[in-house]
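A quick write-up on the structure given underneath.
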Amino acid sequence: MSQIGQREDFAAAGADRVHSPERTTSGDEDLTGIRSQIRDLASEVNSYKARAGGAFGASLFLILLSAGAGYDLAAGRMTPWLALGLDQVQLIGIAATLGFAGLVLVFLGAFKLRPAARRVEARLAQIEREYDELLDRHDDPHR
């Protein structure tokens, strides 16, 4: 089961326990606040992962374009590029630029977005543990 499915089951199970009439208002407010934080952090993790995936996908596309242009340059196949109005010098510049942009996106995804997502995931795990502890205390008031 995916983390999202587990989180939904977790939230649904918590909702069943929280909304019984004998619960105190203060405890319910704490649980609601933590559930809201969990939703916000889960959304932030998904956002980071989507951006990292987009960066990796775009980098692959740019690197493949660059490699294709480089192959055509090495093989001396300039006819398609000349039909587009590009000479050899321009094609070298375009291929180098696309390759560099692809590498920048790889490093952006690997060294900026993924670590940020891991930090948010760690914070999410901590808040989920706090939520479990609060649920346990809320269910067993003699603790």
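Coordinate-derived values only; no laboratory data. Note that this is a predicted model, so its numbers are computed, not measured. As a convention, Cβ positions derive from the backbone with ideal geometry for all residues, glycine included, and neighbour counts pool all protein chains shown.
A few remarks follow.
- When Thr32 is tested against the conditions (1) farther than 30 Å from Asp139 by Cβ; (2) out of contact with any helix residue (DSSP H, G or I) (no Cβ under 6 Å at 6 or more places or on another chain); (3) of a type in the set (Val, Ile, Thr), the lone failure is (1).
- Test: residue in the range 50-59 that is within 30 Å of Gly33 (Cβ to Cβ) and free of Cβ contacts under 8 Å to residues at least 40 places away in the same chain: yes
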